[in-house]
Amino acid sequence: MQPLFRSVNPFGESLAKSCAVFTLRVNGMTDVPEALADECARIGAACRVVRASERDNAHGTDVLEVRASHSVLDAFAGMYLLSRIDTKVHENVTRTEGDHSLSGVIDGYAFRVYVERIEVRHDERTVAQRVLGEILERAPALREGPVAICTSRDSTEAIERDSYTGNSLVLVEMSGAAAARLSAGPRDTWVHHLRSQADRVAALAIRRPGLLRSSALFSFSAMGDTRRIPWADNLVHPLSLSLVASPATPASANIGCWSSGAFQALNLCGSPEHPVIRDSERIAAGWRDALRTIS
């Protein structure tokens with residue numbers, strides 16, 4: 001069987017300085033389960049239980065935190081680790097029903113996480129198109145620099161215990177104006193452009209990894225509804241799991257969104273002075289409207 005792209009992704013090195021943090025809300029857990037501790041040690045990740053008294057959040061919940069280089073764990077890899085490795089945490093998982101937001105700092109970068117129950121109305125464009133278009137409309141400063149749209153090269157159905165680590169992302173970079181036009185266009189154009197450009201970038205990166213240089217003002221990713229993933233269980237849910245990745249460079253920022261059914265999550269991370277953080281409330285408003293509105 002051919003190895004997954006995540007095992008050979010030349011973008012991995014450029015993501016080595018980016019930190020991915022997964023926080024699973026737990027209740028009554030005293031120590032990291034041994035199986036999870038052993039697996040984290042094997043892949044070079046750190047894992048700990050963080051008490052509510054140590055956290056600055058509105059819900060007062062303890063969390064099981066997994067932290068690793070983004071080159072080792074992307075969003076799907078972290079989800080797989082927590083949902084499929086025998087961690088014996090199912091009985092300890094806490095869910096905070098209803099809308100909520102979290103904020104904090106990762107390695108000097110500020111992050112914001114918004115979770116809301118929104119019944120998405122669909123139209124002829126993808127959810128990712130609508131969200132990115134609304135964000136660029138609400139935060140004009142983000143149109144001033146290149147935008148990197150994340151595409152995943154691996155099917156989630158193919159991820160297994162011996163192949164989940166790594167990062168499958170390929171960045172398709174374009175100007176803010178071009179991203180706005182693509183977001184406003186037909187679904188087929190959006191899908192074809194991202195796939196064809198991702199193929200081109202991946203092929204070039206494998207041949208000439210030294211050419212990888214991102215100048216994007218921010219990276220945008222939309223992971224979709226996790227209910228479509230065959231191995232995802234109740235741990236992979238915005239009410240249980242928060243995930244944030246710091247940007248690869250101080251000049252950039254990350255915007256990501258994902259969902260499970262009607263429960264939607266928006267993750268923002270960047271330097272405190274970056275427009276993604278400075279305009280976080282505008283971005284969150286655009287995200288909400290994009291999900292609710294038929295264009």
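The values are calculated or read from the model by the stated rules, or taken from the named source; none is laboratory data. Keep in mind that this is a model prediction, so the values were computed, not measured. Note that each Cβ is placed from the backbone with ideal geometry, even for glycine, and that neighbours are counted across all protein chains shown. Protein only, heavy atoms only, side chains kept; ligands, DNA and RNA dropped before computing areas. Shrake-Rupley method; radii C 1.70, N 1.55, O 1.52, S 1.80 Å.
See the values below:
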{"quantity": "Pair Ala251, Glu160: separation of 7 Å Cα→Cβ label points (nm)", "calculated": "4.3 nm"}
{"quantity": "Shape of the range 154-242, Cα gyration tensor, a/c cut at 1.5", "calculated": "oblate"}
{"quantity": "Antiparallel bridges, percent of DSSP beta bridges restricted to the chain (to nearest 5)", "calculated": "85 percent"}
{"quantity": "No Cys partner within the rule (Cβ under 4.7 Å), the chain", "calculated": "Cys19, Cys150, Cys257, Cys269"}
{"quantity": "Computed E for Ser53/Asp289 - FRET, C-beta separation, R0 25 angstrom, nearest 0.05", "calculated": "0.10"}
{"quantity": "Carbon/sulfur fraction of accessible area - the chain, other protein chains in place, 1.4 Å, %", "calculated": "49 percent"}
{"quantity": "Per residue accessible area in Å² of the range 63-159, where ligands, DNA and RNA are left out and the probe is 1.4 Å", "calculated": "41 Å²"}
{"quantity": "For the range 213-258 and the range 104-133, distance of Cα centres in Å", "calculated": "9 Å"}
{"quantity": "Calculated [θ] (222 nm, deg cm²/dmol) that DSSP helices of n ≥ 4 give over the chain, each run adding -39,500 (n - 2.57)", "calculated": "-8000 deg cm²/dmol"}
{"quantity": "Relative contact order of the chain, pairs being alpha-carbon contacts under 8 Å that are 6 or more residues apart, as %", "calculated": "27 percent"}
{"quantity": "Distant-in-sequence amide H partners of Val26 (H built 1.01 Å from N, under 5 Å)", "calculated": "Asp62, Val63, Leu64, Thr94"}
{"quantity": "Cut-off 16 Å (backbone N to label point 7 Å along Cα→Cβ of Leu204), residues of the range 110-152", "calculated": "146-151"}
{"quantity": "Test item: Cα-centred dipole of the range 48-168, Lys/Arg +1 and Asp/Glu -1 on Cβ, debye", "calculated": "140 debye"}
